[in-house]
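First comes the structure, then the notes that go with it.
The values are calculated or read from the model by the stated rules, or taken from the named source; none is laboratory data. Predicted, not measured: the structure shown is a model, and the values here were computed from it. So basically every Cβ, Gly included, is an ideal-geometry build from the backbone, and we count neighbours across all protein chains shown.
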Amino acid sequence: MSDVAFLSAKKLAGLIRRKKISSLELLNHYLDRIERHNPKINAVIAMDIPSARRRARLADKALAKGEVWGPLHGVPMTFKESYDITGLPTTWGNPDWKDNIATKNALSVDRMQNAGVVVFGKTNVPLMLADWQSYNDIYGITNNPWDVRLSPGGSSGGSAAALAAGFTGIEAGSDIGASIRNPAHYCGVYGHKPTWNLLPSRGHAPPGVVSQGDISVIGPLARSADDLAIALDAMAGPDAIEAAGYKLALKAPKQKQLRDFKIAVMLDDKMSTVDSGVKDRIQELADFLGKKRVKVDMKARPDIDTRKLHEVYVALLRSATSGRMAPEVLARSERIAHEAPASDQSYLAQMSRANVMPHRLWLGVNEQRHKMRLKWAEFFEDYDVLLCPAAASAACPHDHVGERFDRTIEVNGKQVPTTDQLFWAGYSCVTYLPGTVAPIGFTKEGLPVGVQIVGPQFSDRTTIAFAQMLEREYQDFVAPTGYD
């Protein structure tokens, strides 16, 4: 039974449909694993077991009558804590919201249930989803299943850790600063950051907020790229208010095999040096692809100054998240923005200016963003995808001391600011592009490494298809040891 827990959601659904295992049996198996292993990981932090068991029994009864609810019929599923699920708290790790109990599901929760899943719980996040670690004063610290001394990433760290440890069939997270891509990379699972606004985010927001945030998206995480494709189809498409005027029309990938792709590979950048443990794995992948007769270009890049792109990303990112900030944090930003000279381009100065940016200035930064979008579109006339790091290093040790912008991680034997890694988050997502992360190997210390597969806007099925081909021909999900 332990091996069953690590199968893809697609395979689990197949076992349920063939009546090799019932939905209720599978749910109980995951619950048993959570009881045994979750105390040392702390990935799953809230559950509604009675409701889940009722739905699992209904799934089994429906199947007995020949009814299949969808492609994931009966598969147990958890969601990132920031999604609304009826009867469970939605706190974003904020103690001020610890009593905020959802009265209805997020739209994406309903859509995944329409695909057949059995929702049974939630997974941990950092405070206000604002870290590449996952800890808060309500639920505590989540550890990486590969090494509990390390972070599982964030802000969908609980999501990735739960998948890697075999606690759930499939997951859903969110991403504005690599919050799907970073945990997928740190924990050795698959994650997809969709084209902006492709998956409506209603029900994934701080209490009282209904608008779609700039840059921010929701998306799936899984143990297989096949599952990403299934979840994308289930979750994508306009919300009801938009559906009155348009419908989803994503193109299927035109490439049928790896050698049909023309790819660019980016190993490093002046804005964020990449650790050799990550860079070497991407180089090995590029070498493999070359041997498979894939057209590989190691030098091609969009005609964009990466320093300017990163400045635009930080400005728009921190402007977008400023609405979540406490008054005292905004007051400090006002002071720093006023006192820092224009020559101060430290992350703290850039962040502070963005937190209090007047709308007139925001319009100018947004204009720069849209010019960069056109540059990316030109680039993708010649290349199908670009491969690059998801982060500058593999999973890093827990560090909860002080402010995020003061902390460091080790890259090639040197301590560098953790915020440097935001470059790999923003390189694609500030211009709305999809990015899929797929596991491609391990560092010499045995930690997972993922590659970020970036494609043109609305090419989500193509970036996932590339990940599916890598899964079949290069590497698939590998479970960490110690979770039998």
_Out of Val148, Val189, sole residue that is surrounded by fewer than 24 Cβ atoms within 10 Å (Cβ to Cβ), under 23 Å from Gly441 (Cα atoms) and among the hydrophobic types (A, V, I, L, M, F, W, C)_ = Val148
*Matching residues, region 418-436, being under 18 Å from Pro456 (Cβ atoms) and either part of a loop (DSSP other than H, G, I, E, B) or under 14 Å from the mean Cα position of the chain (by Cα) (or both)*: Gly426, Ser428, Cys429, Val430, Thr431, Tyr432, Leu433, Pro434, Gly435, Thr436
*With the checklist (1) modelled with pLDDT under 95; (2) touching a helix residue (DSSP H, G or I) at 6+ places or on another chain (Cβ under 9 Å) in hand, flag the one item Leu422 doesn't pass.*
(1)
*asked:* Exactly one of these conditions fails for Met325: (1) buried (at least 16 other Cβ atoms within 10 Å of the Cβ); (2) modelled with pLDDT of 95 or more; (3) under 26 Å from the mean Cα position of the chain (by Cα). Give me its number.
replied: (2)
*Taking region 437-453 only, how many residues are surrounded by fewer than 24 Cβ atoms within 10 Å (Cβ to Cβ), in a strand (DSSP E or B) and either without any contact (Cβ under 8 Å) to a residue 60 or more places away in the chain or in contact with a helix residue (DSSP H, G or I) (Cβ under 6 Å, 6 or more places away or on another chain) (or both)?*
2
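With in contact with a helix residue (DSSP H, G or I) (Cβ under 8 Å, 6 or more places away or on another chain) and assigned by TED's automatic domain parsing to the domain that holds Gln212 as the only criterion, which of Leu317, Leu267, Leu250, Leu330 stands out?
Working: Leu317 fails: assigned by TED's automatic domain parsing to the domain that holds Gln212; Leu267 fails: assigned by TED's automatic domain parsing to the domain that holds Gln212; Leu330 fails: assigned by TED's automatic domain parsing to the domain that holds Gln212.
After ruling out the rest, the residue left standing is Leu250.
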*Would you point out which residue out of Leu163, Leu199 is in contact with a Leu (Cβ under 9 Å, 6 or more places away or on another chain), outside any helix (DSSP H, G or I) and surrounded by 24 or more Cβ atoms within 10 Å (Cβ to Cβ)?*
Leu199
_I need the helices (runs of 4 or more DSSP H) fully contained in region 1-42, keeping only those with at least 3 residues that are at pLDDT 95 or above and either within 18 Å of Thr78 (Cα to Cα) or not polar (S, T, N, Q) (or both)._
9-17, 23-41
*Scan of region 89-120 for residues that are among the hydrophobic types (A, V, I, L, M, F, W, C) and either closer than 24 Å to Leu228 by Cα or crowded, with 22+ Cβ neighbours inside 10 Å (or both), ordered by number*: Trp92, Ala106, Leu107, Val109, Met112, Ala115, Val117, Val118, Val119, Phe120
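Here's the yes/no breakdown for (1) crowded, with 20+ Cβ neighbours inside 10 Å; (2) free of Cβ contacts under 8 Å to residues at least 24 places away in the same chain; (3) among the basic types (Lys, Arg):
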residue	(1), (2), (3)
Ala13	yes, no, no
Lys20	no, yes, yes
Tyr30	yes, no, no
Ile49	no, no, no
Arg53	no, no, yes
Ala56	yes, no, no
Lys61	no, yes, yes
Lys65	no, yes, yes
*Filtered residues of region 242-273 (kept if in contact with a Cys (Cβ under 9 Å, 6 or more places away or on another chain) and among the aliphatic types (A, V, I, L, M))*: Ala264, Val265, Met266, Leu267
*Checking Phe466 against (1) under 30 Å from Gln212 (Cβ atoms); (2) part of a strand (DSSP E or B), which test does it fail?*
(2)
